[in-house]
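One structure below.
The values are calculated or read from the model by the stated rules, or taken from the named source; none is laboratory data. Given the structure is predicted, the values throughout are model-derived calculations rather than measurements. As a convention, Cβ positions derive from the backbone with ideal geometry for all residues, glycine included, and neighbour counts pool all protein chains shown. SASA here: full protein model, heavy atoms, side chains in, ligands and nucleic acids out. Shrake-Rupley method; radii C 1.70, N 1.55, O 1.52, S 1.80 Å.
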Amino acid sequence: MSSPSPDYLDHLDARALRALLSERDQQLAQTCQRLAEHEQLLAQRTETLAKKEALIVRKDQDIEFKRATIVKLTHEIAVLRRFQFGKKSEQISGVQGSLLQETVSADIAAIEEELKQLSGVPKTTEAREQPKRMALPPQLPRVDIHHEPDSTTCVCGCQMKRVGEDVAEKLDYLPGVAQVERHVRGKWACRQCETLIQAPVPAHVIDKGLATTGLLAHVLVAKYADHQPLYRQQKIFERAGVKLSTSTLADWVGVCGVRLQPLVDALREAILKHDVLHADETPVTMLRPDTGKTAHRAYLWAYAPGVFEDMKGVVYDFAPGRAGEHARAFLGEWCGSLVVDDYSGYKKGFAQGITEIGCMAHARRKFFDLHVANQSQLAKHAVNYIGELYGIERETQALDAHERWRIRQEKAKPIADQLHAWMLAQRLRVPDGSGTAKALDYSLKRWVALTRYLGDGRLPIDNNHIEQQIRPVALGRRNWLFAGSLRGGQRAAAVMSLIQSAKLNGHDPYAYLKDVLNHLPTYKASQIDQLLPHNWQPATA
């Protein structure tokens with residue numbers, strides 16, 4: 001609307017001028033509103049564009065990461081295959097050679113599974129590359145499992161008729177007895193509209209695999225809990241009437257290790273939510289396939305929630321060395337109370353906010369060994385003092401954290417103060433460098449960390465809980481890590497984490513792994529926490 005002329009305005013009275021001014025104000029307000037709407041729309045479009053650009057950048061980064069990972073895995077599998085079929089494999093024989101071949105075969109299967117997940121190869125194109133599956137022995141008992149459609153009424157209203165079936169056989173194993181599961185999928189057809197329906201193929205952790213999840217769980221438990229290498233399991237299966245090559249068993253182990261890894265990652269995240277953790281490490285001998293030597297010393301680290309925490313679980317982390325960087329990599333940004341021995345690898349973490357909780361059992365061991373060696377009465381006196389502290393811990397074991405703290409303050413703290421004063425006095429009397437001086441110095445230098453448990457009822461007196469979780473490693477490492485690779489060690493650590501955590505929660509590891517392997521193919525990533533050992537519940541009849 002054009003502006004009125006001055007002559008026109010001169011003839012208007014005050015009321016008309018106010019009306020004209022109000023009209024102009026309304027027009028101006030509408031214009032400002034439209035301008036604001038346009039600016040808001042522009043801002044929304046700019047924000048949407050920025051989000052799209054950020055999404056494109058993330059996808060590009062993801063694609064680049066996958067490409068780099070594929071290149072790395074392709075190189076790794078090429079090295080393993082050269083070792084598997086090259087002359088180097090002839091240099092290692094006997095049990096050591098069998099163990100190494102098992103590990104290499106499992107590593108190759110694991111890498112192939114990872115490559116399949118990264119590249120998203122369609123299942124139809126991979127069928128040609130798979131070797132023909134062996135026929136299962138006809139003398140084995142068969143168990144039929146029928147899969148039929150939920151409804152056999154056609155969309156046209158007619159009742160469909162069964163016109164055939166597809167049968168897929170899978171090998172199952174119960175202790176000492178092999179049997180075959182026959183999965184029968186009936187075909188139903190409507191004669192009027194020629195519709196054909198059939199129940200879908202049940203999802204399986206190894207697509208088109210020969211083994212049932214029960215057999216896969218048995219192989220994993222036998223290898224990592226019962227310490228039976230695959231070449232020994234092969235002989236056991238042969239006595240049951242089934243000939244399975246160690247390479248086939250190794251393939252199963254490798255693929256299952258990859259499929260179970262997300263569960264182990266979720267278990268690690270669950271453990272790191274707790275304020276009190278135990279940590280320990282133990283050496284293992286690792287054979288490197290590229291050199292064929294067992295001189296490499298690797299380490300298996302163990303982490304668990306505090307013994308008084310409500311969650312029961314443990315995660316093993318296999319690393320090529322004992323450097324403190326491995327512990328910091330596992331713990332990440334976690335800052336809480338860490339119960340450990342005096343290994344220096346944890347010290348940098350203490351400087352970054354982690355609170356050190358010492359192990360009284362290690363301090364006691366110094367004096368106990370001294371007393372056993374030369375019947376030292378001073379050492380015996382220290383052992384008796386520490387024994388009194390442990391006696392109070394036995395009294396408070398079943399109490400809540402507050403009550404435990406109260407009793408510690410009332411009974412244990414005076415004893416600890418007396419012990420500390422006694423140690424200081426004795427240290428002035430013994431010569432430097434003696435065994436007694438070393439035992440006293442060990443406790444005196446760490447006294448603050450050793451007695452922190454007195455001020456917090458959630459803290460344990462020692463690190464014995466995690467040492468108990470390390471013991472199965474000492475029993476089995478010669479069978480599943482000796483002559484193993486780095487990838488093989490990481491796979492063993494992952495499966496053992498689930499097996500040992502299942503035991504801590506009172507579960508049968510076989511039943512747990514069988515059920516988990518059954519559910520994994522169809523479980524959403526957001527629901528995977530339900531399959532963790534401390535959340536899992538066995539199926540009831």
Worksheet item: From the set of residues in segment 240-268 that are without any contact (Cβ under 8 Å) to a residue 60 or more places away in the chain and in a helix (DSSP H, G or I), which is nearest to GLN117 (Cα to Cα)?
Response: ASP265
Worksheet item: Could you say which residue among LYS312, LYS366 is surrounded by fewer than 19 Cβ atoms within 10 Å (Cβ to Cβ) and among the basic types (Lys, Arg)?
Response: LYS312
Worksheet entry | Single residue of segment 311-358 satisfying the filter (assigned to a loop (DSSP other than H, G, I, E, B) and charged (D, E, K, R)) that is modelled with the highest pLDDT | LYS312
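Rundown of residues vs (1) surrounded by fewer than 19 Cβ atoms within 10 Å (Cβ to Cβ); (2) assigned to a loop (DSSP other than H, G, I, E, B), yes/no style:
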position: LEU459; (1), (2): no, yes
position: GLN469; (1), (2): no, no
position: VAL473; (1), (2): no, no
position: GLY488; (1), (2): no, no
position: ALA493; (1), (2): no, no
position: ILE499; (1), (2): no, no
position: TYR512; (1), (2): no, no
position: HIS519; (1), (2): yes, no
position: GLN537; (1), (2): yes, yes
Worksheet item: Exactly one of (1) aliphatic (A, V, I, L, M); (2) surrounded by fewer than 20 Cβ atoms within 10 Å (Cβ to Cβ); (3) at pLDDT 95 or above is unmet by ILE528. Its number?
Response: (3)
Worksheet, complete the sentence: Inside segment 226-244, the number of residues satisfying the requirement of being open to solvent by 20 Å² or more (accessible area, probe 1.4 Å) and in contact with a helix residue (DSSP H, G or I) (Cβ under 7 Å, 6 or more places away or on another chain) is 4
Worksheet, complete the sentence: Considering segment 144-167, residues that are among the aliphatic types (A, V, I, L, M) and either at pLDDT below 85 or assigned to a loop (DSSP other than H, G, I, E, B) (or both), and then whichever is nearest to ILE236 (Cα to Cα), we arrive at VAL163
Discussion item. Just to be sure before I move on: is ALA361 on the phi < 0 side of the Ramachandran plot, in a helix (DSSP H, G or I) and either surrounded by fewer than 18 Cβ atoms within 10 Å (Cβ to Cβ) or free of Cβ contacts under 8 Å to residues at least 12 places away in the same chain (or both) in the structure I sent?
Written reply: yes
Item to complete: Considering only segment 364-378, state which residues are without any contact (Cβ under 8 Å) to a residue 60 or more places away in the chain and not in a helix (DSSP H, G or I).
Response: GLN375
Response to the item:
Considering residues that are over 17 Å from LYS66 (Cβ atoms) and open to solvent by 30 Å² or more (accessible area, probe 1.4 Å), the number found within segment 102-119 is 0
Worksheet item: Is there any pair with a first residue in segment 159-181 that is farther than 21 Å from PRO149 by Cβ and touching a residue at least 60 places away in the same chain (Cβ under 8 Å) and a second that is of a type in the set (S, T, N, Q) and loosely packed, with under 11 Cβ neighbours inside 10 Å whose Cβ atoms are under 7 Å apart and which are 6 or more apart or on different chains, and what are they?
Response: none
Worksheet entry | Which listed residue, of LEU419, LEU424, LEU454, is assigned to a helix (DSSP H, G or I) and farther than 24 Å from HIS278 by Cβ | LEU424
Practice prompt. Name the single residue, out of those in segment 326-342 being open to solvent by 20 Å² or more (accessible area, probe 1.4 Å) and out of contact with any helix residue (DSSP H, G or I) (no Cβ under 8 Å at 6 or more places or on another chain), that is farthest from LEU486 (Cα to Cα).
Written response: CYS335
Worksheet item: Does any residue in segment 104-119 that is within 20 Å of ALA493 (Cα to Cα) come within less than 7 Å, Cβ to Cβ, of a residue that is not in a helix (DSSP H, G or I) and not polar (S, T, N, Q) six or more places away or on a different chain, and which pairs are these?
Response: VAL104/PRO289
Practice prompt. With the checklist (1) without any contact (Cβ under 8 Å) to a residue 60 or more places away in the chain; (2) part of a helix (DSSP H, G or I); (3) touching a strand residue (DSSP E or B) at 6+ places or on another chain (Cβ under 7 Å) in hand, flag the one item HIS381 doesn't pass.
Written response: (3)
Discussion item. I need the full set of residues from segment 402-431 which are open to solvent by 90 Å² or more (accessible area, probe 1.4 Å) and under 20 Å from ARG365 (Cα atoms), in order please.
Written reply: GLN418
Discussion item. Could you check segment 212-247 and list, in sequence order, the residues that are touching a Cys at 6+ places or on another chain (Cβ under 9 Å) and on the phi > 0 side of the Ramachandran plot?
Written reply: none
